[in-house]
1. How many residues, within region 205-226, are out of contact with any Lys or Arg (no Cβ under 8 Å at 6 or more places or on another chain) and more than 19 Å from Arg112 (Cα to Cα)?
2. Which of the residues belonging to region 256-274 are assigned to a loop (DSSP other than H, G, I, E, B) and surrounded by 23 or more Cβ atoms within 10 Å (Cβ to Cβ)?
3. I'm checking my understanding of the structure. Among residues of region 203-254 that are more than 18 Å from the chain's Cα centre (by Cα) and among the β-branched types (Val, Ile, Thr), which one is farthest from His140 (Cα to Cα)?
4. Pull out all pairs, ordered by first then second residue, where Cβ-Cβ is under 9 Å, the residues are six or more apart or on different chains, the first lies in region 280-299 and is surrounded by 17 or more Cβ atoms within 10 Å (Cβ to Cβ), and the second is in a loop (DSSP other than H, G, I, E, B) and modelled with pLDDT under 95.
5. List every residue pair whose Cβ atoms lie under 8 Å apart, where the two residues are 6 or more positions apart in sequence or sit on different chains, the first residue falls within region 116-142 and is closer than 18 Å to Asn79 by Cα, and the second residue, located anywhere, is assigned to a helix (DSSP H, G or I) and hydroxyl-bearing (Ser, Thr, Tyr).
6. Is there a residue in region 48-62 that is among the β-branched types (Val, Ile, Thr), within 15 Å of Pro97 (Cα to Cα) and touching a residue at least 24 places away in the same chain (Cβ under 8 Å)?
7. Being touching a strand residue (DSSP E or B) at 6+ places or on another chain (Cβ under 8 Å) and crowded, with 20+ Cβ neighbours inside 10 Å is the filter here, so list the residues in region 200-242 that pass it.
8. Exactly one condition in (1) of a type in the set (A, V, I, L, M); (2) modelled with pLDDT under 85; (3) closer than 19 Å to Ala266 by Cα is not met by Leu184; state its number.
Amino acid sequence: MDFENVTHVQKAQARVGAVLNGAWRLDALIGLGGMAAVYAATHRSGQRVAIKLLHPERARDKVDRARFLREKAIVSTVNHPGVAAVLADDVTVDGSPFLVMELLEGETLLQRWKAQRGPLPPAEVLSLSEQILDVLAAAHENGVVHRDLKPDNIFLTRDHGVKILDFGIARLRVPSGQTSLAGLRAMGTPAYMPPEQARARWDLVDARTDIWALGATMFSLLTNRYVQDAPTVNELFFLRMTCPIPSLARIQPSMHPAVVRVVDRALEFAQADRWPDARSMLAAVREAQAAIAVAPPPRSTIAPLPRSTVMPPPPRGTLAPSADARDLGALDARPPSGRPQTQARPSRTPGLSSPASLSTIPRAISTIPRAP
């Protein structure tokens, strides 16, 4: 961990024990991201909650403050039990806004993946994806795109339910003529970021962006590797913007074709080739659940493509050194102005793959998770 991130953690830990506005005692640090820290807390009445506190340096930015406080409105708009409830919002005496949220008991999907120390069973991945897609369908139908779906933003409750966390950088559709604050500056996670988001084409980001991120999450859980891998974040962005993702069948030849179909279509390079909406993907997930429950498929004999067909990453000397990547937190990008352009639709090439080692992707706080 670099010095900046160590300092970031130390500052957040130092707030444990503080009492906000004479009412909320911060009991323990339970989460930390580029925008905010999350604490288990207790109200003076004894009520147990979670407090999401915007970092002081972010609190000085008007756009960050507005985007942070907008999460309460977005959660209310989605109106689904699969979203962590925001109970109230307030501002500390030093000017940092915070949200009072329900305190969840369980673990994140990232923690579950790490504990497994390998791929998760397909039946479990499909069951989780079914619940996630039900939440995404409600969000998308109410004009909300999450834009940062990943294992550490998916919470598994003790009663086997699923909660999607962190709608802080979600985009909320606004009436024509108004400007979405999320559109002015957006954040994302490279390991689960689709091509249009990697290209900073915020005019193209829509519900199919979340579908791609879920496909990347399923791919990782089923294979114990990321969809693409590179020594630096710059090289990873280059691959994401130019190279289609290899078929799940190439990585896991024994995977049932019904599961491969769900994941491969979610990860199509061109948005028009993906599942058109969350409910369509949800129906396909249920079909896959029924298919794998009947009988496991025979082991595939698909042979790998010749090495010469694999596109190598760009020369290292043309990109920033890997040290740059270690300083990367949640990414901020300003969208281009002008009218939307038609997205290129390159053909899907299953042979384009990437190195198998998970350890080569650099990690920043809450951005690129370590391999389980």
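The values are calculated or read from the model by the stated rules, or taken from the named source; none is laboratory data. If you're wondering where the values come from, they're calculated on a predicted model, not measured in any experiment. With ideal geometry, Cβ positions are generated from the backbone for all residues, glycine too; neighbour counts draw on all protein chains shown.
1. Residues that pass the stated criteria total 2.
2. Leu267, Phe269
3. Looking at the filtered set, the residue picked out is Thr232.
4. Between residues of region 280-299 that are surrounded by 17 or more Cβ atoms within 10 Å (Cβ to Cβ) and residues that are in a loop (DSSP other than H, G, I, E, B) and modelled with pLDDT under 95, the close pairs are Ala291/Pro297.
5. Correct list of pairs: Asn142/Thr77.
6. So far as region 48-62 goes, yes, one or more of its residues are among the β-branched types (Val, Ile, Thr), within 15 Å of Pro97 (Cα to Cα) and touching a residue at least 24 places away in the same chain (Cβ under 8 Å).
7. If the condition is that a residue be touching a strand residue (DSSP E or B) at 6+ places or on another chain (Cβ under 8 Å) and crowded, with 20+ Cβ neighbours inside 10 Å, then Trp202, Val205, Ala207, Thr209, Asp210, Thr217 are the ones that fit.
8. In the conditions (1) of a type in the set (A, V, I, L, M); (2) modelled with pLDDT under 85; (3) closer than 19 Å to Ala266 by Cα, Leu184 misses (3) alone.
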